[in-house]
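Derivation of every value follows stated rules applied to the coordinates shown; laboratory data play no part. Treat the numbers as computed from the prediction; the structure is a model and nothing was measured. Neighbour counts run over all protein chains shown; Cβ positions are idealised from the backbone, glycine included.
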Amino acid sequence: MGVLDGVRVLDFGRYIAGPYCAALLAEFGAEVIRIDKRDGSEDRFVTPLGPGLEGALFTQMNRGKRSITLDPTSDKGREVVRRLAATADIVVANLPPQTMQAMGLDYESLRAVRADIILVAPSAFGQVGPLRDQVGFDGIGQAMSGAVHLTGLPDQPYRAAVSWVDFGTALHSALGAVLALMERRRTGQGQQVSTSLLGTALSFMSPTLIEQAVLAPNRQPLGNRGFGSAPADLFRTKSGWILIQVVGQPLFRRVAKLVDEPGWLEDPRFATDLSRGEHGELISARVAEWCAARGRDEALAALAEARIPAGPVLSPAETLGHAHVQAMGLLQEVRAAGAPRATPVFGVPIGLSATPGAVGGPPPHVGEHTDDVLGSVGYGEAELSGLRAAGVI
């Protein structure tokens with residue numbers, strides 16, 4: 001039995017921030033109903049896994065959900081939304097405010113249908129400010145938070161390939177949904193949960209932004225080196241790259257001993273994490289020499305024996321085959337009906353000792369559960385046929 005058994009979620013989300021929030025809830029027992037466009041929503045086909053198959057993004061974001069098709073912009077479609085909302089505990093929608101209002105998904109419209117409903121509404125820029133009505137993706141949050149400016153080299157900033165702003169916003173949204181459920185159980189009141197891509201990016205960048213506000217160091221990108229400690233860099237070995245990340249005097253003493261540089265411990269340039277970061281190029285150069293004389297496994301073994309944080313730079317293929325990644329048990333295979341092979345998905349890395357989560361199955365086909373779900377809110381066969389004929393479902 002999942003922690004969220006009995007909780008019904010309507011998922012109008014697209015791409016990551018909304019859908020992954022709903023997937024987190026599904027993994028811990030909630031019934032999540034994804035509302036798709038009639039011919040399949042646009043995020044279903046990003047990075048397709050083969051002819052006629054859904055994309056990798058959709059597969060991960062929507063495993064364990066049910067799917068109905070619906071056009072909520074028509075009068076009949078909005079009526080379907082209202083009947084579904086009357087049975088729902090949570091609605092998730094990372095859509096522009098104007099779109100949500102047109103669909104009847106704004107909080108006031110939903111609350112008129114069910115007074116204690118919870119609306120989880122991730123947006124690009126939040127509920128206030130001059131950009132509140134603009135649309136945006138993960139990379140916009142990265143760029144506006146200062147993260148892109150500090151990534152790469154002075155003449156070439158880089159956006160991170162991982163959508164950390166989207167995933168972070170999904171995590172904030174799921175936490176907000178659970179907190180709102182706890183408050184509803186205490187008071188009987190619903191509420192709107194508001195998160196944003198820019199808000200997530202700013203919170204994740206907050207140490208750097210706080211430092212800028214107080215000390216104004218106006219930091220510039222350093223490639224792969226860290227700003228506030230050293231060695232914190234990528235290093236090439238004879239057989240691949242590794243990352244070493246050292247923070248604090250005890251770890252720095254271990255590095256100095258490992259690379260046979262006892263003089264570092266008396267050098268005033270290396271007296272603190274901050275000063276080591278300021279002179280990180282010198283430290284990285286010596287550690288790079290040490291790494292270059294060894295193979296990747298040899299270097300990592302020596303670093304592990306010295307209790308220095310380090311890890312290999314793995315390709316995606318190496319990641320999938322890594323013994324520890326496999327031992328963690330997060331990678332699970334699901335097989336959609338009619339699919340030629342099983343597809344791996346990753347479970348949520350949250351362990352509950354008494355009530356663990358579980359991947360509920362493969363992602364749904366477009367409209368796979370339309371008749372069943374709408375039947376549960378009172379639509380009969382004749383009404384369903386009429387809705388199909390009208391292009392509503």
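Name the GluC sites (Glu not before Pro) in region 1-69 that are in a loop by DSSP and that have at most 10 other C-beta atoms within 10 Å, would you? Working shown, then result.
Values: sites: Glu27, Glu31, Glu42, Glu54; in loops: Glu54.
The qualifying sites: there are none.
Taking amide H as placed 1.01 Å from N in the peptide plane, the amide H of Ser163 sits under 5 Å from none that are at least 5 places away or on another chain. Computed from the Cβ-Cβ distance with R0 of 51 Å, the FRET efficiency linking Lys257 to Glu42 stands at 0.40. Across the chain, counting alpha-carbon atoms alone, Rg and Dmax equal 25.0, 85 Å.
Take the Cα of Ala306, step 7 Å toward its Cβ, do the same at Leu209, and the gap between the two points is 3.7 nm.
Restricting to Cα pairs below 8 Å that are 6+ residues apart, what does the relative contact order work out to for the chain? Please round to a whole percent. Display every interim value, and only then the final one.
Values: 711 pairs, mean separation 75.9, N = 393.
That works out to 19 percent.
Candidates Ala213, Val348, Ala304 compared by Cα position along the dipole of the chain: farthest toward the positive end lies Ala304, with charges placed on Cβ.
Dipole size of region 1-120 about its Cα centre, with +1 on Lys/Arg Cβ and -1 on Asp/Glu Cβ: approximately 160 debye, rounded to the nearest 20. Rg and Dmax over the alpha-carbon atoms of region 168-301 stand at 21.3, 65 Å. The helix-only estimate of mean residue ellipticity at 222 nm for the chain, built from DSSP H runs of length n ≥ 4 each weighted as -39500 (n - 2.57), is -11500 deg cm²/dmol after division by the residue total.
Computed from label points 7 Å out along Cα-Cβ, the spacing between Arg236 and Val128 is 5.1 nm. Estimated from the Cβ-Cβ distance and a Förster radius of 41 angstrom, the FRET efficiency linking Ala342 and Ser74 is about 0.60. Entry note, region 46-127: relative contact order of 24 percent, from Cα contacts under 8 Å with a spacing of 6+ residues. Pairs of Lys residues in the chain are counted when their Cα atoms are under 27 angstrom apart and they lie 8 or more places apart or on different chains; the count is 4. Since only Val392, Ala288, Ser315 are under comparison, the one whose Cα sits farthest along the positive direction of the charge dipole of region 242-393, derived from C-beta charges on Lys, Arg, Asp and Glu, is Ala288.
Suppose every Lys and Arg Cβ carries +1 and every Asp and Glu Cβ carries -1, with no other charges. What dipole size does the chain come out with about its Cα centre, to the nearest 20 debye? Can you show the working numbers first?
Details: 36 positive and 41 negative charges, 49 e Å.
For the chain, the charge dipole is close to 240 debye.
Once the cut-off is 22 Å, how many percent of the Cα-Cα pairs in region 232-318 end up in the long-distance tail?
22
Highest mean first, the peptides 275-286, 343-354, 156-167, 9-20 sorted by other C-beta atoms within 10 Å per residue fall in the order 9-20, 275-286, 156-167, 343-354.
For the chain, give the share of DSSP beta bridges that are antiparallel, in percent and rounded to the nearest 5; count only bridges with both residues there. Present the calculation step by step, with values, prior to reporting the outcome.
On the way: 17 of 37 bridges.
So the antiparallel bridges in the chain amount to around 45 percent.
What the Cβ-Cβ distance of His279 and Asp371 gives, at R0 = 56 Å and to the nearest 0.05, is a FRET efficiency of 0.25.
List the relative contact order of region 232-318 as a percent without decimals, with contacts defined as Cα pairs under 8 Å and 6+ residues apart.
Values: 103 pairs, mean separation 38.7, N = 87.
Relative contact order for region 232-318 comes out at 44 percent.
Magnitude of the charge dipole for region 232-318, about its Cα centre and with charges confined to Cβ atoms of Lys, Arg (+1) and Asp, Glu (-1), is about 140 debye. Springs between alpha-carbon atoms under 10 Å, Gaussian network over the chain: tell me which of Thr99, Thr187, Thr87 tops the mean-square fluctuations. Of Thr99, Thr187, Thr87, the most mobile in the Gaussian network model is Thr187. The modelled label-to-label distance between Ala354 and Ala56, using points 7 Å beyond Cα along the C-beta direction, is 3.9 nm.
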